[in-house]
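Below: the structure, in structure tokens.
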Amino acid sequence: MPDHRFKELFTRHAGNPIIQSTDIPYRVNSVFNAGATTVGNETLLLLRVEDRRGISHLTAARSKDGISNWVIDSKPTLPSSPETHPEELWGIEDPRITYVEEEGFWVILYTAYSEVGPLVSLATTRDFEKFDRKGGVMLPDDKDAALFPVRFGGRWAMLHRPVSSFSGAGAHIWISYSPDMYHWGEHRVLMRARQGGWWDAGKIGLSPPPILTKKGWLVLYHGVKMTGSGCIYRLGLALLDLKNPAKVLCRGDEWVFAPEEPYEVSGDVDKVVFPCGWLVRGDEVRLYYGGADKCIALATASLSDILGWLTG
């Protein structure tokens, strides 16, 4: 249970979990790791849904208040398409959604699970009914990708997490650039996993897309620590320069959110909190996260509190 001697940045919604497998209007195993955006006056979550074969697809859920009364599509909104995109043979997972005002569409970066490992794929949509798949834009093994909503020096920028086959290299967050969202280059490490006993040693990855603030691009990332009883997924914060997102202004030493409640501690993968989407309404941050690879939960925070904690 949380230690109530200290005020935590994030507060769990009292009605968690807000979406479970029994809420999906067709037979599934689990629902988790949802991307989030606003469409008109509704909150839209693009849920990762795992069917009873073990293959994942994406399904849209809509809500007026972003908390309850979710209207969930009656069939997969974006199923995998191995016939046209063989890299999706074993499903598609963990979407991050960015609205690109310049183009008038949403960009969805997701993990396609191919025969030779997971890779980053990109699709665009203007209505979350029709999707234009661009296919794989990064080589395996690569995950946890999100697009910035604006160009930097005329180029788009993406955060992602490739994994090296070189023993002991670790898994770090990288940044890459593109003139057209399809051809990517100038790859460089942005944030390294720490070493030793740190909570984010060995393996880190981006969680939801970066948020634009007056102080910089706010980044929420997950760190994975291996323990004697398995791995623990926890969340930390960093801030990137507004004009040069390859520059890390600051990074918190401590984790700010960790699996503590039963729906986060026990599931298909134990001890996991894994957000793919967050939304800002005024000063309120709404964090939508997967709990133990089994359900969707919600936590809220004050944006000014987050920035104060990170930069103070």
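Every read-out reported here was derived from the displayed coordinates using simple, explicitly stated rules and does not represent laboratory data. Please read these numbers as outputs of a predicted model, since none were measured by experiment. Using ideal geometry, Cβ is built from the backbone for each residue, glycine included, and neighbour counts are taken over all protein chains shown.
The calculated FRET efficiency for the pair Arg155 and Glu42, based on their C-beta separation and a Förster distance of 45 Å, comes to about 0.90. Amide H contacts for Leu47 (H built 1.01 Å from N in the peptide plane; partners 5 or more residues away or on another chain; cut-off under 5 Å): Thr59, Ala60, Ala61. Note on Asn69 and Ser266: with the Förster distance fixed at 22 Å, the Cβ-Cβ geometry gives a FRET efficiency of about 0.20.
For the pairs Lys214/Lys247; Lys7/Lys294; Lys75/Lys271; Lys134/Lys294; Lys225/Lys294, flag any whose C-alpha to C-alpha distance is greater than 22 Å. Don't skip to the end; give the middle numbers.
Working: Lys214/Lys247 16 Å; Lys7/Lys294 27 Å; Lys75/Lys271 29 Å; Lys134/Lys294 29 Å; Lys225/Lys294 20 Å.
Pairs exceeding 22 Å: Lys7/Lys294; Lys75/Lys271; Lys134/Lys294.
For a footprinting-style exposure proxy, rank Tyr289, Tyr233, Tyr263 by other Cβ within 10 Å, fewest first. Don't skip to the end; give the middle numbers.
Numbers: Tyr289 33, Tyr233 27, Tyr263 19.
Neighbour counts put them in this order, fewest first: Tyr263, Tyr233, Tyr289.
May I ask you to derive the FRET efficiency for Thr84 and Thr22 from their Cβ-Cβ distance with R0 = 25 Å, giving the value to the nearest 0.05?
Numbers: r = 32 Å, r/R0 = 1.28.
With R0 = 25 Å, the Cβ-Cβ based efficiency is 0.20.
What number, in percent, do you get for the relative contact order of the chain if the mean sequence gap of Cα pairs under 8 Å and at least 6 apart is divided by its residue count?
Numbers: 837 pairs, mean separation 50.6, N = 312.
Result for the chain is 16 percent.
When Lys and Arg each count +1 and Asp and Glu each count -1, what net charge do the other residues less than 15 Å away from Gly35, Cβ to Cβ, add up to?
On the way: positive: Arg48, Arg62, Arg96, Lys143, Arg286; negative: Glu42, Asp73, Glu93, Asp94, Asp144.
Computed value for this residue: 0.
Peptides 220-231, 51-62 ordered by packing proxy, namely the average of other Cβ atoms within 10 Å per residue, highest first: 51-62, 220-231. Springs between alpha-carbon pairs under 10 angstrom, Gaussian network model over the chain: which of Ala171, Ala112, Ala36 fluctuates most? Between Ala171, Ala112, Ala36, it is Ala171 that shows the largest mean-square fluctuation. As a length-normalised measure over Cα pairs under 8 Å and 6 or more apart, the relative contact order of the range 31-101 settles at 31 percent. Neighbour counts of C-beta atoms inside 10 Å place Ile72, Ile24 in the sequence Ile72, Ile24, starting with the fewest. The GluC sites (Glu not before Pro) of the range 39-124 meeting both criteria, a DSSP state outside H, G, I, E and B (loop) and at most 11 other C-beta atoms within 10 angstrom of the site's C-beta, are Glu83, Glu101, Glu102, Glu115. Here is how the number arises for the chain: DSSP H runs of 4 or more residues each give -39500 (n - 2.57), the sum is divided by the residue count, and the result at 222 nm is -1000 deg cm²/dmol. For the range 1-148, the relative contact order works out to 15 percent when only alpha carbon pairs closer than 8 Å and six or more residues apart are counted.
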